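Asker: Dropping a structure here in structure tokens format, bear with me for questions.
The values are calculated or read from the model by the stated rules, or taken from the named source; none is laboratory data. Please read these numbers as outputs of a predicted model, since none were measured by experiment. So basically every Cβ, Gly included, is an ideal-geometry build from the backbone, and we count neighbours across all protein chains shown.
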Amino acid sequence: MDISYRIGRRAFLTTLTAAAKPRGEALDLLGRNLGGRGAVLVDGRTVHTWGDQAEVSDWLSSAKPVLSTLLFFALSERKIKSIDALVADQGWPLVEKDRTMTLHHLANMTSAYARPDLPGSAWAYNDFGINLYQKTLFDRIFRQDPEEAANTRFAPLGLQDGLKFRATNRRMSASVRDFARIAQFWLARGKWQGKQILPRQFFSDYCRAQTPADLPHTLKAETNDYLKLGSYGGGSDHFTEYGAGVYGCNWWFNGTGRLHPHAITWPGAPRDTFMSIGAGGNCAVMIPSRKAILLAARANWGKHTPGDATAPTNQHIALLIEALGKGKR
């Protein structure tokens, strides 16, 4: 059977060899368990879909790694010299304690913007810091409208529906079939249709945990948004206290962390699994060792509880692995 949309510039067939073909009944169950709209890809082929693949909606924090991918583009285009470039050098009037803040800090929830800590000294899931991040990328580095900046750079992926951005906090909306292309681009470490669009080294260096496992949590304090930027969607210390040891460039990785030192993030998943995670059930799972992707919008991913084998996300990934059959773990 032919897939209902294209990945890249040509259509792939979902018919795989008998040895590689995923178990259809497990994929059906996976789609029912997740709900919403989603897809499973294996080796660049879409092997299962459910829901409207063309509907464009807000991916919330699952789109944050798109910001970091755009940071890679800025580095490739020599718009910045380093991911460790100072944010103050982009013209922001930062207070003295924030003068050492870098773009790397913003990408890793360690910027301490609007928090009492020094940059790099503590973890805080910080949507005021993310708003500073997106404004720095679009307004100070690219100096382009977000849709122009993103759609131009992701154009080689052959997006069908295009990336949309809110006027206020620039949160990104996309269809499942377009977000699948972005996830495949991440899985392939910047390569698309045989062409290396971004240097592979960027993904080797930064598509892994960037926060030390012993990084402490931010100090208790009220948000101090002294630049009057507003939020990307949440607080300056919200969503989760997990992150130390398993977060990097806005992706989540399958390792041990400060709050789960004896269990990996998703015990039922291969160790190389990584995710983009968004509120409202918007997530994408990439498993390089299985060349597999699972993504779903407005789906039942459950609460983010690293190390818990009974958590819905872990169960979904385990079911995906079952569907894929024997392979590297």
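Asker: Could you check segment 104-145 and list, in sequence order, the residues that are touching a residue at least 40 places away in the same chain (Cβ under 8 Å) and more than 19 Å from Thr240 (Cα to Cα)?
Answerer: Matches in segment 104-145: His104, Leu132, Tyr133, Gln134, Lys135, Thr136, Leu137, Arg140, Ile141, Phe142.
Asker: Among the residues of segment 179-194, is any assigned to a loop (DSSP other than H, G, I, E, B) and crowded, with 21+ Cβ neighbours inside 10 Å?
Answerer: yes
Yes or no, residue by residue, for (1) outside any loop (DSSP other than H, G, I, E, B); (2) over 16 Å from Thr69 (Cα atoms); (3) of a type in the set (D, E, K, R); (4) without any contact (Cβ under 8 Å) to a residue 24 or more places away in the chain:
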| site | (1), (2), (3), (4) |
| --- | --- |
| Trp252 | yes, no, no, no |
| Ile264 | no, yes, no, no |
| Pro267 | no, yes, no, no |
| Met275 | yes, no, no, no |
| Cys283 | yes, yes, no, no |
| Met286 | yes, no, no, no |
| Ser289 | yes, yes, no, no |
| Leu295 | yes, yes, no, no |
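So that you can scan it fast, the table gives a plain yes or no per residue for (1) more than 25 Å from Arg153 (Cα to Cα); (2) in contact with a helix residue (DSSP H, G or I) (Cβ under 7 Å, 6 or more places away or on another chain); (3) modelled with pLDDT under 95:
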{"residue": "Phe203", "(1), (2), (3)": "no, no, no"}
{"residue": "Gln210", "(1), (2), (3)": "no, no, no"}
{"residue": "Asp214", "(1), (2), (3)": "yes, no, no"}
{"residue": "Lys220", "(1), (2), (3)": "yes, no, no"}
{"residue": "Thr240", "(1), (2), (3)": "yes, no, no"}
{"residue": "Tyr247", "(1), (2), (3)": "no, no, no"}
{"residue": "Thr256", "(1), (2), (3)": "yes, no, no"}
{"residue": "Leu259", "(1), (2), (3)": "yes, no, no"}
{"residue": "Pro270", "(1), (2), (3)": "yes, yes, no"}
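Asker: Test Leu41 against the criterion of being part of a helix (DSSP H, G or I), surrounded by 16 or more Cβ atoms within 10 Å (Cβ to Cβ), out of contact with any Asp or Glu (no Cβ under 7 Å at 6 or more places or on another chain) and modelled with pLDDT of 95 or more, and give yes or no.
Answerer: So Leu41 fails the test.
Asker: Could you run through segment 44-93 and say how many residues are in a loop (DSSP other than H, G, I, E, B), of a type in the set (A, V, I, L, M, F, W, C) and without any contact (Cβ under 8 Å) to a residue 40 or more places away in the chain?
Answerer: The number of residues fulfilling the criteria is 1.
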